[in-house]
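Enquirer: Here it is: the structure, laid out below.
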Amino acid sequence: MKYIILFIIIIFVLLFFRLFSLNLKNQNNKKNIKDEIIDLKKDPKTNEYKPRE
């Protein structure tokens, strides 16, 4: 009986950590999507980088 309870507790802990890690990955992906990539071009006259239109 002790082994069965121990086994069930271990399974619940593993499932909890797996769900927690998946949740963190989803949050990181949402942050990456929010970051915009701005394409820049160099202005030859001033040697400055400006966004492309």
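The values are calculated or read from the model by the stated rules, or taken from the named source; none is laboratory data. This is a predicted model, so every value here is computed, not measured. Calculation scope for accessible area: heavy atoms of the full protein, side chains included, ligands and nucleic acids excluded. Shrake-Rupley method; radii C 1.70, N 1.55, O 1.52, S 1.80 Å.
Enquirer: Among (1) at pLDDT 90 or above; (2) open to solvent by 100 Å² or more (accessible area, probe 1.4 Å), which single condition is ILE10 missing?
Expert: (2)
Enquirer: Since LEU40 meets every condition but one in (1) modelled with pLDDT of 95 or more; (2) more than 24 Å from the chain's Cα centre (by Cα); (3) not basic (Lys, Arg), which condition does it not meet?
Expert: Status for LEU40: all satisfied but (1).
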